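Here, each number is a calculation from the coordinates, and none is a lab measurement. Note that the structure is a prediction, hence the values are computed from the model and not measured. Cβ atoms come from the backbone with ideal geometry, glycine included; neighbour counts cover every protein chain shown.
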Amino acid sequence: MASKSQSCSIWVGSETGILKGVSLSKQQAFNFCEMSCLSRDQEVCVLEWGDPLESEVLVGCANGTVKAFSTEKGIFTESKECGDATQGKFTGLAMMDGSLVTCAESGILKVWKEGCTDTIEINVGNGVCRMRQNPSRRSQVATGGKENPLKVERSISPVSNMVKNDWLDLRVPVWVRDIGFIPDSDKIVTCTGYHQMRVYDPSSPQRRPVLEAEFGEYPLTALSLPASQGTVVVGNTHGQLAVLDLRKGLVRGCLKGLAGGVRGLQCHPTLPLVASCGLDRFLRVHSLEDRSLLHKVYLKSRLNCVLLSSRNLELSGADLSGEVEEVKQEGEEDGETDEVWDAMETVTDKTNKRATEKAAEENAVKGPKKRRKVAKK
Amino acid sequence: QMYGTHVQADSVEEEAAFPPNFSVSEIKNKQRRHFMFMKLKQEKRKRKLELKKKRKKEREALGDKAPPKEVPKTIENQRIYDETTVNPEDEEVAFDEGTDEFSSYFNRLTNPKVLITTSDRPRGRTVRFCEQLSTAVPDSHVYYRRGLALKRVIPQCISRGFTFLIVINEDRKVPNGMVLCHLPNGPTAHFKVSSVRLRKEMKRRGKDPTEHSPEVILNNFTTRLGHSIGRMFAALFPHDPQFIGRQVATFHNQRDFIFFRFHRYIFKNEKKVGIQELGPRFTLKLRSLQKGTFDSKYGEYEWVHKRHEMDSSRRKFHL
């Protein structure tokens, strides 16, 4: 059990209450649960790391319990009652200076300190869809939901509680589905149920979003920020995953393969990878550079949330077995395409440069043609 | 005349063969080309029959030691193995199915009650199709859709105790779509309906179906998605079939198309059965399966058919 959990690099929570660990190097998925005592009210709603060393996974269940799972030992170490089913499912979990912060759908944000039984409770409004913690400033959490505008809580103490609302012109309906903090800056990205993606800057005097972009026609359910700056990955209920640009709000590209609604999305902290899980019972890992599918794992229940560990997910070709179909060896592929390009035209190394050069060439070709047409007329 | 000259040429130059790399399509004259092609086909067929005869003789000569007959390749044989195929002993899937939205039906806690309606202002064919469908499904009621929004119809259905809502969509006077919504909070399946045959158009059909509950046959729903859809179809009919009625409704899945047939059977003796087809006949193809009741804009989809991604291989099926 311990060796299994130590080798898992991706953790997934399912609707049946099973915590699944996936080891990409071994090409296997493991269920960490008791088969005899499964029940639907143990449905995993949120997954979060219990500590920065990633040795503990906090599992928030639908019946209000928060369980701690140790990745080294491979067992559930403790379980805490943090509310009940009447408050709604958990929408966020966070560890802040040793105390546990939980937020439920009804809007009750609670801070549970280790050891003592009293809790600090804040109401952030009804219908909360998501609560997230700022990874760089751990004392900040943001909450948002249906008709519940984005609020940022600066520090969890009843005295200094700076709650911030966003202001929308013409009373456009608000439905914040997921929140992301842009590292190295104060900005926050949200995706809404009305297929919009918005970037807010709390430090600016304006309360309007800095950038607003639309994608698709279906509600965006999940969002994640990759390691490389300037982009964001969003997923919607139709199974469409897209990489959006944060400077102009354009679609950089789509990731294909998902057949069901995206429930959980996470980008790897350092590598250009994104893991997605959803209602079609598959966990998929895509590469963000060429938007290809690297791994696809069938996990028999509908999946709710995914958690990536920051260590290197080994992607070497030698370890792969027949179970996974679409895997490409990254180094080799780059080498092959490089040779082709060398043979043809100018030498380029990076895919981005190649794309822009190609575009530049096309523009150059179109340019003189246009001029010729004008001259004729 | 033309043929005559050709044959003479052959008999004169018997030893001279056609030049290599010669193909029948290079002859410019249409009649001669056709003639040569026919000759080629006949020779090919003759050779094939000879080979077949030879093989049959060899097989008989060997008797018991003959190698087994080769199985021809079909698309069903060559189907790409789907990793979501359900293993009957799988505990997790069993738990998932035991606690899903249909569990109350399969645990015999609720009985199905079906509401059949159409899109607005249906034409004769669709109306007749709905009536015939309601005779095939026991405890079903047909209502005229007075331009009402489905999202408002659904809470009313739930309050009146309906378990299923079927909406037949019509296009150009012919039914072409079906939305099957399981009511309390269950999944909504959207199908494309094709090849609808009403009772009048059926050959050698029996009398109209009686009120007895039919038996249900679900063929070939092997994958996890297939299981969900199969359970959905099973939940349309009452749990206990009345064998006195000798009626059976079959949902046969082949290559992602679901064929619905309604028969009456009679056992002539222990080995022989006679069947009469009654009732409407149609084929369905799943377009999307949505979690929750009908909400096409804001609902979450469990499975969506994406033609360009999923239909790229001729041997890959999803149901």
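Taking θ = phi - 60°, what integer Hz values does the Karplus form 6.51 cos²θ - 1.76 cosθ + 1.60 yield along segment A:11-23, in sequence order, with x for Gly and Pro?
These are the phi-based 3J(HN,Hα) values: 10, 10, x, 10, 6, 7, x, 8, 8, 10, x, 10, 10 Hz.
Taking each residue in B:84-93, count the Cβ atoms of any other chain within 10 Å of its Cβ, then average. What number comes out?
Per residue, the average neighbour count from other chains is 3.
If I take R0 = 51 Å and measure r between the Cβ atoms of A:A2 and B:I27 in this structure, what FRET efficiency does the formula 1/(1 + (r/R0)^6) give, to the nearest 0.05? List each step's numbers first, then the result.
Working: r = 78 Å, r/R0 = 1.53.
The computed FRET efficiency comes out at 0.05.
Can you list the residues, at least 5 places off or on another chain, whose amide H is less than 5 Å from the amide H of A:C305, using H built in the peptide plane?
Correct list: A:G13.
Whole-Hz Karplus ³J(HN,Hα) for segment A:266-280, in order, using 6.51 cos²θ - 1.76 cosθ + 1.60 and θ = phi - 60°, x for Gly and Pro?
With coefficients 6.51, -1.76 and 1.60, one gets 8, 9, 5, x, 10, 7, x, 10, 9, 9, 9, 9, x, 6, 8 Hz.
Determine the alpha carbon to alpha carbon distance for each of A:K187/A:K248; A:K4/A:K73; A:K296/B:K291; B:K151/B:K291 and list only those over 18 Å.
A:K296/B:K291
Residues with beta-carbon under 10 Å from that of A:S203, excluding A:S203: net charge, scoring Lys, Arg +1 and Asp, Glu -1?
Net local charge, A:S203 excluded: -1.
Can you show me the helix-derived [θ] at 222 nm for chain B, built from DSSP H runs with n ≥ 4 at -39,500 (n - 2.57) apiece and divided by the number of residues, rounded to the nearest 500.
It comes out at -9000 deg cm²/dmol, rounded to the nearest 500.
Eight or more residues apart or on different chains, and alpha-carbon atoms under 19 Å: count the Lys pairs in segment B:17-56 matching that.
Taking segment B:17-56 as the scope, the lysine pair count is 14.
Suppose each label sits 7 Å from its Cα in the direction of the beta carbon; what would the B:T99-A:E121 distance come out to in nanometres?
2.8 nm
Quick query: amide H of A:R252 versus all other amide H atoms, modeled in the peptide plane; which residues come in under 5 Å with a sequence gap of 5 or more or a different chain?
For A:R252, whose amide H was placed from the backbone, the distant partners under 5 Å are A:V243, A:L244, A:D245.
Would you mind giving the mean number of other chain beta-carbons within 10 Å of the Cβ of each residue in A:271-283, as a whole number?
Rounded to a whole number, the mean comes out at 2.
Say R0 is 35 Å: what FRET efficiency, to the nearest 0.05, do B:Q276 and A:Y298 get from their beta-carbon distance?
The computed FRET efficiency comes out at 0.25.
Taking only Cα atoms, what is the 0 to 90° angle, nearest 10, from helix B:124-136's long axis to the longest principal axis of chain B?
Result, in degrees: 70.
For the residue pair B:E211 and B:Y81, what label-to-label distance in nm results when each label sits 7 Å from Cα along the Cα-to-beta-carbon direction?
5.2 nm
Counting Lys +1, Arg +1, Asp -1, Glu -1, what net charge surrounds B:G63 among other residues with beta carbon under 15 Å of its beta carbon?
Cβ neighbours under 15 Å give a net charge of +3.
Once you put a point 7 Å from the Cα of B:D171 and another 7 Å from the Cα of B:K285, both along the Cβ direction, what distance in nm separates them?
Each label point is offset 7 Å from its Cα along the Cβ direction, giving 1.1 nm.
Which ³J(HN,Hα) values, rounded to whole Hz and listed in residue order, are derived for segment B:246-263 from phi using the Karplus coefficients 6.51, -1.76 and 1.60 in 6.51 cos²θ - 1.76 cosθ + 1.60 with θ = phi - 60°, glycine and proline given as x?
After applying 6.51 cos²θ - 1.76 cosθ + 1.60, I find 6, 10, 9, 10, 10, 10, 10, 9, 9, 6, 6, 9, 10, 9, 9, 9, 10, 10 Hz.
If the chain between B:T74 and B:K48 were fully stretched, how many nm would it gain, using 0.36 nm times the residue separation less the Cα-Cα distance?
Additional length available on full extension: 7.2 nm.
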